[in-house]
Amino acid sequence: MWIFLSRLILKNRIIIILLIAGITVFMVKKGRDVRLSYSMAKLLPSDHPISLDYQVFLEKYGAQNVLVIAIEDSLLLTLEHLIKWDKVTQDIEIINGVEQVVSFANLPILLKDTINKKFILKRWFSQDVKTQVQLDSAFSQYSKQPFYKGLINSNDNKVSTLLISLDNIVMKSASRKELIFSIKDLVDAYSDEFQTKVHYSGLPYIRTVDSIKVKEEISLFIIFTLLITSLILFLFFRSFKAVISSMIVVILGVVFSFGTISLLGYEVSVLMALIPPVLIVIGIPNCIFLINKFHNEFKRIQNKDYALRKMVQKIGNITLLTNLTTASGFAAFMLTNSETLQEFGLIASINILFIFLLSLFIIPIYFSFASPPKHRHTKHLDKIWINMLVERLVFLVQYRRKNIYFITTILILFGVFGILNVKTTGNITDELPKEGDLYKDLKFFESNFGGVMPLEVVVNTKKKNGLLKSYNLRKIEQLSQELATFKEFSKPTSYVDVVKYSKQAFYNGDSAYYSLPNSQEQRMILSYLKNSSASMNMGALMMDSLKQEARISLRVADISTTKMDSVFDALLPKVNKIFDADKYDVTITGSSVVFLNGTKFLLKNLMLSLLLVIILISVFMAWMFNSFRMVVVSIIPNLIPLLLTGAIMGYFGIALKPSTILVFSIAFGISVDDTIHFLAKYRQELLVNNWNIKKSVLSALNETSVSMFYTSVVLFFGFFIFVASDFGGTIALGLLVSITLLFAMLSNLLLLPALLLSLEKIINYEAFQEPLLDIFDEEEDVELDELKVKRK
């Protein structure tokens, strides 16, 4: 098949070029339509109970798109500053996409209208305040409202917050950037005028800033990856032709990746943004193996057309196998129940196969048009330091196998002890740089207001008008008091607080009456509230229209999944003690709960996907070599690097979380490529050397070690580029994959051939006499006359 394919490619190169060009134009057009993701990653499946609870909550109460801004202004209670702050509030309110603004300057005080027997809302600060004395008097009245204590201002009133509710449709569109930064410009103008410090947070802001960084990093990493791989290719081959042909392959691969993302209707998230640069890193080794074989064959025969055909015939099938195993490592993510990971796995695996086809077609076609390689282009095959490296590897494998096994045993013990120290975690801020403003601002809100991540406790009395019962009010108050004891939570607010505030207003604003009313008081207060419904709707009262279900809203600090579990373990028994499970439904939900539970769910699924990757590739190896024992020998050198990477995580306190557990599946799928290259060449040498095991192993090592070294260097530096990211998960992914692939290279160059030599009597005849997959015999004679490429 590969003989036929090599001829097909070179005889129909113009048609193939036009076909690739046509597909590329189509992919460019589709790629222009690709959209950035502005929503929370879909970690949980839609039918998961946590997802269902959150969806029900959103349907009843709407999306919680709240931008939180805090300003440190010790002079906010001066007339000049407060007038300006009120102006900022009003300017924000009229911005398209802003639904509501809660500001210190526009907070209403609940007053009693005795004549109409209703409550009215009146701003504590209004245009009637003309002097500082009037402001001080108005603030004195505001200070007597316990309802607002610790809700908007810090206890010393030197920090004030803006809570801005944003339109959900706008927040799901590209217009969100303009909306967020229009608000930011107004607040920054106030900050610049009065030299105050501003802090921005809330999920809408975090996601917007993240999406901007994702867009910037995609371009940055693509450029960096192209530059570093181009430099490495030139240093290896000393040939601009090798660099240009490889760059054409990977650039087209990047175009195809954006096109497929758009075609499938996906969006570019932090995870999806990794695919284009990863494709460059994965595509370059394909080019290296092909070009290296081309140079080898040309140096041997001095016939360009023959060398190109031999390149496709000898390397094409092996490269197909290596790309299939790499794609399998990514495709395993499709077996998880996480929509985000399924999309990532599908796009990555499809485009890995695309870039294989591109390299298989473009490299031979490019060099068929180019002039034959000159002596300087093949000098890399005879570099002294490369030859010395190969000779050293051969010497170690041949004469120092015991040392290899001893060091391997020590490293395994080191790995076992280290991996036992690995901890699992997952924070919403895992991706944020610890020195960045986003992270610092988030911590500022936690220290002053308890956090910004939304948390909702929904109490369903299962009865219409159940919230009007005094005993239910007391139960909700009791739960609120319990919630207030957790340092991880902000001050809770609920329907009960509105009722207590109503009682205070009923008694003419006396703060001594800020408490739950008795039955008689409740009837009178409810009659006032009923008359006030035009200005105090059910949403403001934080309950549903049936007066059956109440919300307790609070914010939670950015804590890990393990910490949240311990908080809930302490909270749930108290909830169950207050509310009888047979009579009440109590649901704890919110985006923070969805994310943290999604992280735990994802960790379990990723561990399963890693196991599936190992099983899948093991089955693939068994299919290739028709031997269970060969599977064991080939898998061991690729599992040890994973163990050592896990140990490094344990020793250096790098937690196991979604971004780090991705490392193992990706690295395993890539590292096993070297194993396939080596074993495929090993089998070829066995046939040539009449089943002489030792000679075949050493010949295979001589032949493949240079390409394995070159590709490993490219992979190492290619993934290491991700360390320049602003996202913690991307940094961890790049660093750990680089380290894993470095270990894998050493393992495949030393441990794998050593095992083959030591276990030759056990595995080899069974493994290679009748493989299910026939590897091309490189000693097969082909007539040179048949290898002429017809010139147009």
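Over the alpha-carbon set of region 31-78, divide Rg by the Kirkwood Rh and report the Rg/Rh ratio to two decimals.
Radius of gyration relative to Kirkwood radius: 1.23.
For region 50-155, which GluC sites (Glu not before Pro) are both in a DSSP coil and crowded by at most 16 other Cβ atoms within 10 Å?
Taking region 50-155 and a limit of 16 other Cβ atoms within 10 Å, no loop GluC sites (Glu not before Pro) are found.
Would you please give the residues with an amide H less than 5 Å from that of N65, counting only those at least 5 places away or on a separate chain, with H modeled from the backbone geometry?
L166
Give me the extension gain from L526 to D580: residue separation times 0.36 nm, minus the current Cα-Cα distance, reported in nm with one decimal.
Full-extension gain reported as 16.8 nm.
May I ask you to order 16-23, 595-602 by the average number of other C-beta atoms within 10 Å around their residues, highest value first?
Most protected by this proxy first, the peptides run 595-602, 16-23.
Say R0 is 41 Å: what FRET efficiency, to the nearest 0.05, do S447 and W623 get from their beta-carbon distance?
Using R0 = 41 Å, I get an efficiency of 0.10.
So how do 116-127, 338-349, 743-754 stack up, highest first, on mean other-Cβ count within 10 Å?
Highest mean packing first, the order is 743-754, 338-349, 116-127.
Taking the dipole about the Cα centre of the chain, with the C-beta of Lys and Arg at +1 and of Asp and Glu at -1, give me whichever of A138, Q398, Y495 is farthest to the positive side.
So the residue we want is Q398.
Put one equal scatterer on each alpha carbon of region 77-131, apply the Debye formula with no solvent term, and list log10 I(q)/I(0) at q = 0.29 1/Å to two decimals.
Scattering profile of region 77-131, log10 relative to I(0): -1.13.
Mind listing which chymotrypsin sites (Phe, Trp or Tyr not before Pro) in region 188-273 are in a DSSP loop and have 13 or fewer other Cβ atoms within 10 Å?
Nothing satisfies the criteria.
With the cut-off at 23 Å, tell me which of the pairs K299/K681; K487/K604; K42/K440; K42/K491 have Cα atoms farther apart than that.
The pairs that break the limit, which is 23 Å between Cα atoms, are K487/K604; K42/K440; K42/K491.
May I ask you to derive the FRET efficiency for F417 and L759 from their Cβ-Cβ distance with R0 = 25 Å, giving the value to the nearest 0.05?
E(calc), rounded to 0.05, equals 0.35.
Can you list, bin by bin at 5 Å, the percent of alpha carbon pairs in region 439-503, starting at 0?
Result, from short to long distances: 4, 15, 23, 20, 16, 10, 7, 4, 2, 0 percent.
Using the alpha-carbon atoms, what tilt in degrees (0 to 90, nearest 10) does helix 437-449 show relative to the longest principal axis of the chain?
Compared with the principal axis, the helix lies near 30 degrees.
Could I have the simple spin-label model distance between R474 and L389, label points 7 Å from Cα toward Cβ, reported in nm to one decimal?
7.9 nm
If I take all pairs of Cα atoms in region 268-357, what percentage of them are more than 23 Å from each other?
35 percent
Could you state the angle between the C-alpha long axis of helix 401-419 and the longest principal axis of the C-alpha atoms of the chain, as a value from 0 to 90 degrees rounded to the nearest 10?
Computed tilt is about 10 degrees.
Could you compute how fast region 399-523 diffuses translationally, taking Rh as the Kirkwood radius over C-alpha pairs and applying Stokes-Einstein at 10 °C with viscosity 1.306 mPa s? Give it in µm² per second.
The calculation lands on 79 µm²/s.
Could you please report the charge total around M564, scoring K, R as +1 and D, E as -1 over all other residues with beta-carbon less than 11 angstrom from its beta-carbon?
Residues near M564 contribute -2 overall.
Using θ = phi - 60° and the Karplus curve 6.51 cos²θ - 1.76 cosθ + 1.60, what whole-Hz ³J(HN,Hα) does each residue of region 636-648 get, with Gly and Pro shown as x?
3, x, 9, 7, 4, x, 5, 4, 5, 5, x, 5, 4
Calculate, axis by axis, the spread of Cα positions in region 186-341 along the three principal axes, and write the results as whole Å, longest axis first.
Result for region 186-341: principal-axis Cα extents of 78, 39, 21 Å.
Suppose R0 equals 35 Å; then what is the FRET efficiency for Q481 and L75 from their Cβ-Cβ distance, rounded to the nearest 0.05?
It comes out at approximately 0.50.
For a quick check: with amide H placed at 1.01 Å from N, whose amide H comes under 5 Å from I109's, ignoring anything fewer than 5 positions away on the same chain?
K122, R123, W124
In square angstrom, rounded to the nearest 10, how much accessible surface does I282 have for a 1.4 Å probe?
Near enough 10 Å² of accessible area.
Above 47 angstrom, tally the Cα pairs of the chain and express them as a % of all pairs, no decimals.
So the pairs more than 47 Å apart make up 36 percent of the total in the chain.
Hey, rough spin-label estimate for M607 and N168, points 7 angstrom out along Cα→Cβ, what's it come to in nanometres?
3.5 nm
Per residue, what volume in Å³ does the convex hull of the Cα atoms of region 289-427 enclose?
194 Å³
Using 0.36 nm times the number of residues separating I95 and D136, minus their current alpha carbon distance, what extension gain do you get?
Net length gain for the segment: 11.7 nm.
Per 0.36 nm of contour for each residue apart, how much would the distance between K177 and L19 grow if the chain were fully extended, relative to their Cα-Cα spacing?
Residue separation times 0.36 nm, minus the Cα-Cα distance, leaves 53.0 nm.
At 1.4 Å probe size, put M1, M621 in order of accessible surface, largest to smallest.
Ranked list, largest accessible area first: M1, M621.
Averaged over every viewing direction, what's the projected area of the C-alpha convex hull for region 23-170? Give it in nm², one decimal, please.
15.1 nm²
Can you work out the PRE-style zone for N508? Point 7 Å along Cα to Cβ, and I want the residues of region 123-140 with backbone N under 17 Å.
Answer for region 123-140: none.
Please sort 172-180, 448-456, 131-139 by packing, taking for each peptide the average over its residues of neighbouring beta carbons within 10 angstrom, highest first.
Peptide ranking by packing, descending: 448-456, 172-180, 131-139.
For a paramagnetic label modelled at 7 Å from the Cα of Q398 toward its Cβ, which residues of region 681-707 fall within the zone defined by backbone nitrogen distances under 16 Å?
692-705
Find the Rg to Rh ratio for region 82-169, where Rh is the Kirkwood radius over alpha-carbon pairs and Rg uses the same atoms.
0.99
Grab every C-alpha pair in region 672-741, bin the distances at 10 angstrom width from 0 up to the longest one, and report whole percents.
Percent of pairs per bin, in order: 21, 34, 21, 16, 7, 1.
Along each of its three principal axes, how wide is the spread of alpha-carbon positions in region 600-755, in whole angstrom units, largest first?
54, 29, 22
Residue by residue through region 45-62, what is 3J(HN,Hα) from phi via Karplus (6.51 cos²θ - 1.76 cosθ + 1.60, θ = phi - 60°)? Round to whole Hz and write x for glycine and proline.
Result, ordered by residue: x, 5, 9, 6, x, 5, 5, 5, 4, 5, 5, 4, 4, 5, 5, 7, 10, x Hz.
Compute the whole-percent fraction of alpha carbon pairs in region 1-103 spaced more than 19 Å apart.
The calculated P(r) of region 1-103 puts 74 percent of pairs beyond 19 Å.
Give me a comma-separated list of calculated 3J(HN,Hα) values for region 347-362, in order, Karplus coefficients 6.51, -1.76, 1.60 applied at θ = phi - 60°, integers in Hz, x for any Gly or Pro.
5, 5, 5, 4, 6, 5, 5, 4, 6, 5, 4, 4, 5, 5, 8, 6
For a bin width of 10 Å, list the pair-distance distribution of region 451-543 built from all Cα-Cα distances, rounded to whole %.
Final binned percentages: 15, 47, 32, 7.
Rounded to the nearest 10 degrees, what's the angle between the helix 470-484 long axis and the longest principal axis of the chain, both from Cα atoms, 0 to 90?
50 degrees
The values are calculated or read from the model by the stated rules, or taken from the named source; none is laboratory data. Small disclaimer: the values here were computed from a predicted structure and weren't measured. No Cβ is skipped: glycine too gets one built from the backbone with ideal geometry, and neighbour counts run over all protein chains shown. Just so you know, the surface numbers come from the protein's heavy atoms only, side chains and all, with ligands and any DNA or RNA stripped out. Shrake-Rupley method; radii C 1.70, N 1.55, O 1.52, S 1.80 Å.
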